[in-house]
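Notes for the one structure printed next.
The values are calculated or read from the model by the stated rules, or taken from the named source; none is laboratory data. Just so it is clear, the model here is predicted, and its values are computed rather than measured. Cβ placement follows ideal geometry from the backbone for every residue including glycine, while neighbour counts extend to all protein chains displayed. Just the protein is used for accessible areas: all its heavy atoms, side chains included, with ligands, DNA and RNA removed. Shrake-Rupley method; radii C 1.70, N 1.55, O 1.52, S 1.80 Å.
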Amino acid sequence: MAASVLRLVHPGRRWGLVWIGSGSRQRSGTQTVPTSNEARGQSSVAQLSPHTAQKPRKGEHKWAAVVGLEIHVQIASNSKLFSGAQVCFAAPPNSLVSFFDASLPGTLPAGYQITQQRLPIAANGHLTYSAYMGKKRSQMLTKTVRIKQIQLEQDSGKSLHDDLRSQTLIDLNRAGIGLLEVVLEPDLCCGEEAAIAVRELQMILQALGTSQANMAEGQLRVDANISVHHPGEPLGVRTEVKNLNSLRFMAKAIDYEIQRQITELENGGKILNETRSFDYKLGCTMPMRDKEEKQDYRFMPEPNLPPLVLYDATSLPADADSQQVVNIDQLRDMLPELPSTTREKLVQQYGMLPEHSFTLLNEVGLLEFFQSVIKETRAEPKKVTNWVLNTLLHYLKQQNLAVSESPVTPAALAELLDLLDSKAISSSAAKQVFEELWKAEGKTAAQIVSEQQLELMQDREALEQLCQATLDGHPQVVMDVKNRNPKAINKLIGLVRRASLSRADPSLIKEILEKKLSL
């Protein structure tokens, strides 16, 4: 992956004259891309917890894990980088291939890859992400991983292995699609932390419109470089786990590989500098090829591509051609709101906890669902947050559904919360109504309440009679209340609610009982 570049350094800024395609990387062999049929390619990531690769036995040194990532992102475009062939997921094999894309041999059909690896379009950046630590996940920790470089290159074709027929089939639909490679320095320590960092980058790319970054469709793929060592000692030999195409599998693959290396070393074995793949069915990494011999990479300038000039107001060369330049200041002014800013606004605008803002953004489509409910209900934002994050999300995860597949629409939930907010129904009745709405039988919340007679009792006199009957029928519990047993009053409230078929307001029941008991 190579490119010729002239860098111009200014205080606090770094742009350059970049020859986008002036690196043609040629190598022998073909590329193999395992596929995955995981349905939830963009599922959320568990919050970060402290990581030690293996709990050390007494008198034994702890192991430290080092993880670096290479993240490959398909750029959102209608056509490929250097041909007019269309970009479309799940098209019939080899149906979106131009003559340029199909020049043979190999899965990189031209025999080489046009890339910017040697002198990339950007370098020396960083990605900031936050996660919650501790047993109760109550402590937010903000961390930074360094970005070594960002470069453009062509995507490769895909090899599909048919084990039953002992065949390997080639699909060139992906060959030549514009690919953004983000190389992260080895600043990560475990699979969970890596998944959180990649998810943050994924949301940024989606917010910018750079890529849809749908991992299930191969639009974002990760290679992980992993090694272990004793703290204070040199880094160990690293292995590379290729083509990780879901956050969950990536976290599992990294953690498995960390433990595999520790076990191998503790048993007197040796770690090979090799490329491995992750078998998601078995939950383990498998060898693909070793790296003991240097890969046959050769770099040469690509003469058919003109230079691309990146500049800001202070760095435009006097002799630059205005038709061959990109204005960085203009692009910066056009940037949309990034995830970190969105989270801050959610906390400030709705008074929600920071961790709730993370969940709303981490689950694809959940923020839009939440905002739609907010627009349509009179209920307080805190109540909306609680129902979306606890009730709705629980049902979705229980049935492994995406937010877009929810049987309960934002409008239906908003109507339910309005009924609850107006004290037309109790909290327990609202949960019953939600369960009925989830069955997707076409009924509204109001219809369900009416049919099942879930309205709160509005007749105070009738409720006072129920309370009195409950007191008369449970003298021992009344005695416990008078003896200041803190649980006794709650038992009485439960008994009255049961007698009212859960149609009585618990706070009103408590008020009546305390008055009758002179508490």
Which residues, taken from segment 450-502, are on the phi > 0 side of the Ramachandran plot and either charged (D, E, K, R) or open to solvent by 100 Å² or more (accessible area, probe 1.4 Å) (or both)?
-> GLN453, ARG484, LEU501
(1) farther than 17 Å from GLU70 by Cα; (2) touching a Phe, Trp or Tyr at 6+ places or on another chain (Cβ under 9 Å); (3) not polar (S, T, N, Q) all hold for ARG260 apart from (2)
Give me the pairs, please: first residue somewhere in segment 205-225 and without any contact (Cβ under 8 Å) to a residue 12 or more places away in the chain, second residue anywhere and among the aliphatic types (A, V, I, L, M) and open to solvent by less than 30 Å² (accessible area, probe 1.4 Å), beta-carbon distance under 9 Å, and either six or more positions apart or on two chains.
-> GLN206/ALA213
In segment 134-151, which residues are open to solvent by less than 40 Å² (accessible area, probe 1.4 Å) and at pLDDT below 90?
-> GLY134
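Being in contact with a Pro (Cβ under 8 Å, 6 or more places away or on another chain) and buried (at least 23 other Cβ atoms within 10 Å of the Cβ) narrows it down to one residue among ALA195, ALA207, ALA175; which is it?
Sole residue among the options that is in contact with a Pro (Cβ under 8 Å, 6 or more places away or on another chain) and buried (at least 23 other Cβ atoms within 10 Å of the Cβ): ALA175.
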Taking the condition modelled with pLDDT under 90 and outside any helix (DSSP H, G or I), does GLU441 pass?
-> yes
Residue among VAL481, VAL496 that is β-branched (Val, Ile, Thr) and under 14 Å from SER428 (Cβ atoms) = VAL496
Taking segment 72-108 as the search range and keeping residues that are modelled with pLDDT under 90 and surrounded by fewer than 12 Cβ atoms within 10 Å (Cβ to Cβ), which one is nearest to ASN173 (Cα to Cα)?
-> ALA90
Which of (1) within 25 Å of GLU435 (Cα to Cα); (2) within 20 Å of the chain's Cα centre (by Cα) does GLU376 not meet, given it meets every other one?
-> (2)
Among what's in segment 352-377 and is at pLDDT below 95 and among the charged types (D, E, K, R), pick the residue that is most open to solvent (accessible area, probe 1.4 Å).
-> GLU355
So, in segment 395-423, of the ones that are open to solvent by 40 Å² or more (accessible area, probe 1.4 Å) and of a type in the set (Asp, Glu), which residue ends up nearest to PRO506 (Cα to Cα)?
-> ASP421
With HIS161, HIS126 as the choices, which residue is on the phi < 0 side of the Ramachandran plot, open to solvent by 50 Å² or more (accessible area, probe 1.4 Å) and modelled with pLDDT of 90 or more?
-> HIS126
What is the number of the single condition among (1) at pLDDT below 95; (2) under 23 Å from the mean Cα position of the chain (by Cα); (3) open to solvent by less than 30 Å² (accessible area, probe 1.4 Å) that SER426 does not meet?
-> (2)
